[in-house]
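The values are calculated or read from the model by the stated rules, or taken from the named source; none is laboratory data. Everything quoted here is computed from the prediction, not taken from an experiment. For neighbour counting, all protein chains shown are included, and Cβ atoms are generated from backbone atoms with ideal geometry for every residue, glycine included. For accessibility, only protein heavy atoms count, side chains too; no ligands or nucleic acids. Shrake-Rupley method; radii C 1.70, N 1.55, O 1.52, S 1.80 Å.
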Amino acid sequence: MKRVLPILLAGTTALLAACGSSKETSQREIILEETTAVTTEAQTEPSSVPAVLHERHDYENGVLVGRWEGTEADILIQDNGKISAEFDISDVMMIDDDGTFMLSGEEHPTVQYDGTTLNIFTNGENGGEPVSFLTLKRADESEQDGYDGLYDIDTENFRQKLAELVTGSDYTDSPVQIRIRYGKFRVCLPEFCDYTQKGDEFTLSMTDGGSISDYLSDSTFVLDGDHVTFYNAEGITEQFDRTE
């Protein structure tokens, strides 16, 4: 899919939270920063040697509709011409069954939850009062006993900064949600991308614009049972397995 997911993951999996002074504000400042991404096959510079591409196939339209699991992310290719994505940031954010929130490996035990709204606080400086960090509100069934589920991000500063990382600095109105699954945090991008498929040609375009649209263009793919491999013109590939 031509470096789409590596670009998204480069910023979001490097998500960092910087703690501001609780004496100066009632809500801790949230800073999400990009770092240099780990070099992967999908991020290397194209070789000057022409790529050996695959045998072409004339697949039926809709053959890729469904949920696909990649190394870092799941994508949902929908029959309405949209793609949704969901990827794991549990190396940065998790919550235990006992309500201890883990942020970049540090424990923050102050969590408030009423079955619908989840309020997370980070530790105050020098043993001071906990500071409001993130508020999530259920987007799925309400009044659930456990934390697992799909949430809207009620902390606007956090939502906007997350949207900046995953879709581009000029596209902060993009819908971004958080899913908690077995205590692990996942970023959800509902219908963030349009696609068309004709035979083995797969074309992507950003929904309503967005600065990463320059990276989205034509690819081809090979479908082997429940495994699909995407190729771009330089032969860069991304691979996914069907999950449902």
Peptides ranked, highest mean first, by Cβ atoms within 10 Å: ranges 74-82, 131-139: 131-139, 74-82
Once Lys and Arg are counted +1 and Asp and Glu -1 for all other residues with Cβ under 10 Å from that of Gly81, the total becomes -2
Might you tell me the accessible area per residue for the stretch 50-123, computed with a 1.4 Å probe and given in Å²? 52 Å²
Carbon + sulfur, % of accessible area of the stretch 86-143 - ligands and nucleic acids excluded, 1.4 Å: 39 percent
Descending packing, highest mean Cβ count within 10 Å first, for 232-240, 193-201 is 232-240, 193-201
Lys and Arg at +1, Asp and Glu at -1: add these up for the other residues within a Cβ distance under 11 Å of Glu107 and post the number. -3
